[in-house]
Structures are given as structure tokens and as C-alpha cells.
Amino acid sequence: MRLSTLSSALVGLAVAQASSINYSTVTGYFLQDEEATDASTFDYTAENFGLIGRAYPADKDYKKHESPTQWERFYHQVTDLNEHSPPHIEYRVLFLGRHGEGWHNAAQTYYGTPAWNCYWSELTGNSTASWADATLTPNGVAQALKANEFWQKEINEQRIHTPDHYYVSPLTRTLQTANLTFGGLDLPEHSAKFKPTIKELFREGISIHTCDHRHSRSYIHDMFPDWSIEQGFTENDELWNGVTAETSDAQDVRSAEALGEVFFNLSKKKSFVSVTSHSGEISSILRVLGHRAFSLNTGAVIPVLVKAERIGGKAPATSSVPWEVSPHCTEPPVASATACVCPSGAAPVTIPLATGF
């Protein structure tokens, strides 16, 4: 049973699929792989996406241009790795992009994380902003346009190989970010067109926060009618319930399943893949890939060279990973260093403060 088709009765469980792919990060190609790189200050637009200037084993066979750029040589290196690997091993470059700032990010900054987690995030908004399935702030729009400008610069100057396929989380802020980032690019001739696949499993970690509650399939289709929505995508959000929250272990199971579907469904030749997602989900993907922790600011991008090895033999038994109930306050909390401390000694509750849009 796939997580994307779970009924609402099973929303509290993430079903662990028997993994048939082992993932690993191939280090030595990007600055973000290195422990010395500080994620809090790293600017991907100032560092060529983080691609390290170095020679590659495949350089000796490069014949397309007399003066290839670093990105052209890197693409040739990845192609060479795939051409010389056995059928059960493949290499892909994942461009993991975090959405631009949303109104939920702005609200968390305004109220502070304790008050946000214990009260405000369970509401749909305040008198000035809505953050249920949050849209981008003006700053978030600017961050997505910055990514667009940088991609165009890389296309023009580095002749970078643009993604062979685009995936995007179904939450509104990621849909907007992907559209602003890639929608207006002057893509190279013969490159894949920007027509992303909207994929449920690449959504943010599913908490009781209303920003993690997605709109309906019809709403998403009306926003971007030319985009592809994956098969089995439910009309309404059957994963968010406002009571239980996905654990990190459960999220990693989901991320592994999403990656497995990507690697199984795309041909080996589609080696550059874009995923527009979220901070928590990208952190989960990095864990599954064996990459070191690397937090992204809103609007930032991290590329990862991934080795995927398909494993034969009998699959292990399927297991389930339970979600957790998330108590919260019905008014702004007094404190929440380790748990929600509600005003007047009131006990935290588990009933949703908001249930819809």
C-alpha cells in the first residue's frame, strides 16, 4: 500500500515499503558535501551551485567543445559514470530547491518558534495574513526570481545541462516557487520543457500546522492546468488531520518511497532531476541519501550526486511507523522549551483549532 493512497483512517501511519534501492551520496563534487562548508552562510548563487572546480576522470574523452565549462565537464562525468556502470547501478544529480519565504515563515519569525508551534501554527492565519497552505510573501517571490536569474545565468555562461525532469510538492508555496524559478527560463534547444510532475510524497513533513495542509486536487489543477499531477493523487488531503504529526522516521520512509518512484520511473539518461520542496522534506531526503545535514534558507538550492544501487533477493517484511499526537494550547502559550505550557495552568489539548480552508 502506497502512502499516497492511504485512506484517512490510516493517516496516523507511514507504511514502510521494503526498500529495493540503496542510496549514497557521491562526495567530492560539491562544496555542500564538505564539513568545512557552513550551511548558515553558504550562498549557492555565489558558488556556481557549489560545484567544485576540479578535473574529472572523464575529461580525457570530452569532445563537444574545445573549452568546456565546469558544468559541461561535470555532466559528461555523470554520463560517463552511467555508461560504465552495471545495469543495477545508476547516478543522478538531484537539484533540491526549497520554496521561497511563505507567510507561515514570516509568522513564525514574528511570533517566535515557541508560540508558533504551540498555538499560532494551528490557526489558519491572523488579521493580516493567512498561512493555511501558505502562499509566498513578496520576499519569497523575490527569492524565487533570484533562483530564476541564477539558472538563466548558468544556462548562458556555464551551458549547464538543465533538468531532464521536474518534480514539485503539491503545497502552494512550492508550486509558486517552481513556476517563478523555471517557468520563464530561456531553455536550451532540445532540453526538457518545464512541465513538472506534482508529487504528493515530496510535500513537507506532515505536522498539525495548517501550513502543511494542502488544497484539493481541483484547486491545484486550476492553478496550473498544464502541469502533470501524478496518478493516484487524491482530490482532498487525506494525510493531514490536525491531530497527529509525522515523525522523522516516518518521513524518511516516505522520502525513500518518493525517491524510489523517481529512480524507477525515469530512464537512466534523465540524470539531472529538479525537486522543489521544503526545508524539512529536503532534510529527510538528505538523510535517506546519506548526505551530511545541510539546512537551506528559503529559496536556496542544493545539488547532490546520488548513486543508486538496486538490490535483488527477497524483500524484508513491511513495517509501519506510527505518527505522534501533538498537544497544543488554545491560547498563546506561556512557554514551550520542551512542551507547551498553556496560560492559567490549562492542559494542552489535541483537538484541531482549525479544520479547513
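In table form, for the structure just shown:
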| item | result |
| --- | --- |
| Positions within the range 87-109 being touching a strand residue (DSSP E or B) at 6+ places or on another chain (Cβ under 7 Å), more than 17 Å from residue 283 (Cα to Cα) and of a type in the set (Gly, Ala, Ser), in sequence order | 102 |
| For residue 293: the one exception among (1) in contact with a strand residue (DSSP E or B) (Cβ under 6 Å, 6 or more places away or on another chain); (2) in a loop (DSSP other than H, G, I, E, B); (3) more than 26 Å from residue 84 (Cα to Cα) | (1) |
| Residue that is surrounded by the most Cβ atoms within 10 Å (Cβ to Cβ) [pool: residues in the range 216-233 that are of a type in the set (S, T, N, Q) and more than 23 Å from residue 262 (Cβ to Cβ)] | 216 |
| Residue selected from the range 234-284 under the condition of a type in the set (D, E, K, R), out of contact with any strand residue (DSSP E or B) (no Cβ under 7 Å at 6 or more places or on another chain) and touching a residue at least 24 places away in the same chain (Cβ under 8 Å), by the criterion surrounded by the fewest Cβ atoms within 10 Å (Cβ to Cβ) | 269 |
| Residues located in the range 54-108, provided they are over 27 Å from the mean Cα position of the chain (by Cα) and β-branched (Val, Ile, Thr) | 69 |
| Matching residues in the range 164-183 - criterion: being over 15 Å from the mean Cα position of the chain (by Cα) and under 23 Å from residue 78 (Cβ atoms) | 164, 182 |
| Subset tally (residues that are free of Cβ contacts under 8 Å to residues at least 24 places away in the same chain, part of a loop (DSSP other than H, G, I, E, B) and over 30 Å from residue 119 (Cα atoms)) for the range 216-233 | 2 |
| The range 157-171: number of residues that are assigned to a loop (DSSP other than H, G, I, E, B) and either in contact with a Ser or Thr (Cβ under 6 Å, 6 or more places away or on another chain) or on the phi > 0 side of the Ramachandran plot (or both) | 4 |
| Among (1) out of contact with any Ser or Thr (no Cβ under 6 Å at 6 or more places or on another chain); (2) surrounded by 24 or more Cβ atoms within 10 Å (Cβ to Cβ); (3) hydrophobic (A, V, I, L, M, F, W, C) - the single one residue 185 does not satisfy | (2) |
| Number of the exception - residue 110 against (1) under 30 Å from residue 216 (Cβ atoms); (2) without any contact (Cβ under 8 Å) to a residue 24 or more places away in the chain; (3) in a loop (DSSP other than H, G, I, E, B); (4) not aliphatic (A, V, I, L, M) | (3) |
| Near pairs, Cβ below 8 angstrom, 6+ apart or cross-chain, from the range 25-46 (within 17 Å of residue 293 (Cβ to Cβ)) to any residue that is among the polar types (S, T, N, Q) | 31/37; 33/25; 33/27; 34/27; 39/32; 39/295; 40/295; 42/32 |
| Criterion (farther than 30 Å from residue 219 by Cα and surrounded by 17 or more Cβ atoms within 10 Å (Cβ to Cβ)) met by exactly one of 332, 343, 303 | 303 |
| Residue among 175, 81, 171 that is out of contact with any Phe, Trp or Tyr (no Cβ under 8 Å at 6 or more places or on another chain) and among the aliphatic types (A, V, I, L, M) | 171 |
| Test result for residue 174, under 24 Å from residue 250 (Cβ atoms) and part of a helix (DSSP H, G or I) | yes |
| Sole residue being within 15 Å of the chain's Cα centre (by Cα) and under 22 Å from residue 106 (Cα atoms), chosen from 284, 248, 277 | 277 |
| Residue 132 part of a loop (DSSP other than H, G, I, E, B) and not polar (S, T, N, Q) | yes |
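Computed from the coordinates by the stated procedures, all read-outs in this text should not be read as laboratory data. Keep in mind it's a predicted model, so treat the numbers as computed, not measured. Virtual Cβ from ideal backbone geometry, glycine too; neighbours counted across all protein chains shown.
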